[in-house]
1. Could you list all residues from the range 3-44 that are more than 25 Å from K144 (Cβ to Cβ) and not in a strand (DSSP E or B)?
2. List the number of the failed condition for N146; all other conditions in (1) modelled with pLDDT under 95; (2) farther than 24 Å from W16 by Cβ hold.
3. What is the residue count in the range 241-253 for residues that are touching a residue at least 60 places away in the same chain (Cβ under 8 Å) and either in contact with a Lys or Arg (Cβ under 7 Å, 6 or more places away or on another chain) or loosely packed, with under 15 Cβ neighbours inside 10 Å (or both)?
4. Are any of the residues in the range 283-293 over 24 Å from the mean Cα position of the chain (by Cα), in the same structural domain as Y324 (by TED's automatic domain parsing) and closer than 19 Å to E226 by Cα?
5. If only one of K44, K112, K101 is in contact with a Lys or Arg (Cβ under 9 Å, 6 or more places away or on another chain) and free of Cβ contacts under 8 Å to residues at least 24 places away in the same chain, which one is it?
6. What tally of residues in the range 49-98 results from selecting those that are touching a residue at least 40 places away in the same chain (Cβ under 8 Å), over 15 Å from S131 (Cα atoms) and among the acidic types (D, E)?
7. So the check is Cβ under 8 Å with 6+ separation or different chains; which pairs have a first residue in the range 14-35 that's free of Cβ contacts under 8 Å to residues at least 60 places away in the same chain and a second one that's part of a helix (DSSP H, G or I) and of a type outside the set (A, V, I, L, M, F, W, C)?
8. Would you please name the residue that is surrounded by the fewest Cβ atoms within 10 Å (Cβ to Cβ), looking only at residues in the range 282-315 that are among the charged types (D, E, K, R) and farther than 23 Å from S265 by Cα?
Amino acid sequence: MKRKIGITGQYGFIGWHLYHTLGLDPEAYDRISFERSFFNSEDKLDTFVSQCDVIVHLAALNRHNDPKVIYDTNILLVKKMVASLERTNSNAHVIMSSSSKENNDNEYGKSKKEGRELFLDWANNSKGTFSGLLIPNVFGPFGKPNYNSVVATFCHKITSNDKPEIHVDSTVSLIYINELIQEIIKIIQIGHAVNKMTIAATSHIKVSKILALLNSYKSVYQLNGEIPALSTGFELNLFNTFRCYMDVKNHFPVKFKQNTDLRGSFVEIIRLGLGGQVSFSTTVPGITRGNHFHIRKIERFAVIKGKALIQLRRIGTDEVLDFYLDGDEPAYVDMPIWYTHNIKNIGEEVLYTNFWINEPYNSEDSDTYFVEV
């Protein structure tokens, strides 16, 4: 039986990833859409709550010049949710994202701890189920700079040719967004109350090391097109995060350097710090390949003969990015994660394309999700 899942804060950093990851399994989950305006209407909030088997409460204010505004806002949002749960006699499983900073002596930490306790009181006095998750610092694609994480801020500044500054070179505990989402989905699937569950960080790293890695990605990849050596899962996740902060629209396509003499020409397609799989395809005129996206793979399309249109669209958005490539001036486009993409032969001759991806295809774990651009 499908679970009906609602997410407050659906358009925030964690909410966006959770919403679209659940969408990858439509046989298991129905997503009940949420708008922030629902908090201003008891009727709309009650309608939302009454439809949900599971409510993941992510809506919260993380930063503000006035700490009291953070506390008041977060407590008010919880109280409105509790009031709606009571009015609708809901027996939903409520999952709240709290923070590993719950016990810090600040208004944000206090708001998270007291909000969790308000939900727990509701569950104890109703037929509902409550799970409170203490979450460490989270990083990943599409986080908001100067708001969600130091990684988001560094990525934004570096890809925009700005210079980040380190104020305190501490060791930070991090979890990648995909790892966190899988932990939340496990809680949804189990369905049991977990009043205070600590989600463990998966990486512990100094801020200066993060900055050094990101600066290396800029020089090696953004400026020179080389895929860097990625020796750990953390480095792969950090690199994929970095790529999503680049100005994809204006960065691609990247023209190859052609070395030409009387024999013809030679083009180096890709220089790698890691392995993967190289493929070659021919595509007859008018045919489109692809229309899928990945959430962990790195992929490069290189057109070496013929005319092609490569299209990208970030999942959850409507803007389609069009890149026109011609084998007379060989060029490539790299596919950011969470961007559905395709390639179409728009010429009158056979299209020749070279594909590189950082891991061999595995039919049991393909990381390939089909969605039309």
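1. Restricting attention to the range 3-44, the residues satisfying the condition of being more than 25 Å from K144 (Cβ to Cβ) are 3-4, 25-30, 41-44.
Across the range 3-44, the qualifying residues are D25, P26, E27, A28, S41, E42, D43, K44.
2. Single failed check for N146: (2).
3. Going through the range 241-253, the residues touching a residue at least 60 places away in the same chain (Cβ under 8 Å) turn out to be 241-249, 252-253.
Checking the rest, the ones that are also either in contact with a Lys or Arg (Cβ under 7 Å, 6 or more places away or on another chain) or loosely packed, with under 15 Cβ neighbours inside 10 Å (or both) come to 247, 249.
Residues meeting the conditions: 2.
4. No: the range 283-293 contains no residue that is over 24 Å from the mean Cα position of the chain (by Cα), in the same structural domain as Y324 (by TED's automatic domain parsing) and closer than 19 Å to E226 by Cα.
5. Numbers: K44 fails: in contact with a Lys or Arg (Cβ under 9 Å, 6 or more places away or on another chain); K112 fails: free of Cβ contacts under 8 Å to residues at least 24 places away in the same chain.
Result of the check over K44, K112, K101: K101.
6. Of the residues in that region, 1 qualify.
7. Listed pairs, sorted by first residue: R31/Y19; I32/Q51; E35/K44.
8. So in the range 282-315, the residues among the charged types (D, E, K, R) come out as 289, 296-297, 299-300, 305, 307, 313-314.
Those left that are additionally farther than 23 Å from S265 by Cα: 289, 296-297, 299, 313-314.
Values: R289: 17, R296: 15, K297: 18, E299: 21, R313: 20, R314: 19.
Only one residue fits best here, namely R296.
The values are calculated or read from the model by the stated rules, or taken from the named source; none is laboratory data. From a predicted model like this one, the values you see are computed outputs, not experimental measurements. Please note: Cβ atoms are built from the backbone with ideal geometry, for glycine as well, and neighbour counts cover all protein chains shown.
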